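These notes are about the structure you will find just below.
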Amino acid sequence: MSTEEASKIWGVHQDHVKRLCREGKVVCRKFGKTYILPKNQPKPGSRTLV
């Protein structure tokens, strides 16, 4: 998914998603100037109950 899609799903600003990508806090790939994230990736900092 794009950073725009991730920002809508996670409820954060698109610039924040880009920052998370640059800092390596989320799994992503960079193609040119565009970051692509896996669709099934949870929001960083969210905890899943086990």
Restricting region 3-27 to residues that are under 8 Å from the mean Cα position of the chain (by Cα) and not in a helix (DSSP H, G or I), which is surrounded by the fewest Cβ atoms within 10 Å (Cβ to Cβ)?
V27
Is at least one residue of region 33-48 part of a loop (DSSP other than H, G, I, E, B), open to solvent by 80 Å² or more (accessible area, probe 1.4 Å) and modelled with pLDDT of 95 or more?
no
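The values are calculated or read from the model by the stated rules, or taken from the named source; none is laboratory data. This structure is a prediction, so every number in the text was calculated from the model and none was measured. Heads up, the Cβs are rebuilt from the backbone with ideal geometry, glycines too, and the neighbour counts pull from every protein chain shown. Surface accessibility is based on the protein's heavy atoms, side chains included, excluding ligands, DNA and RNA. Shrake-Rupley method; radii C 1.70, N 1.55, O 1.52, S 1.80 Å.
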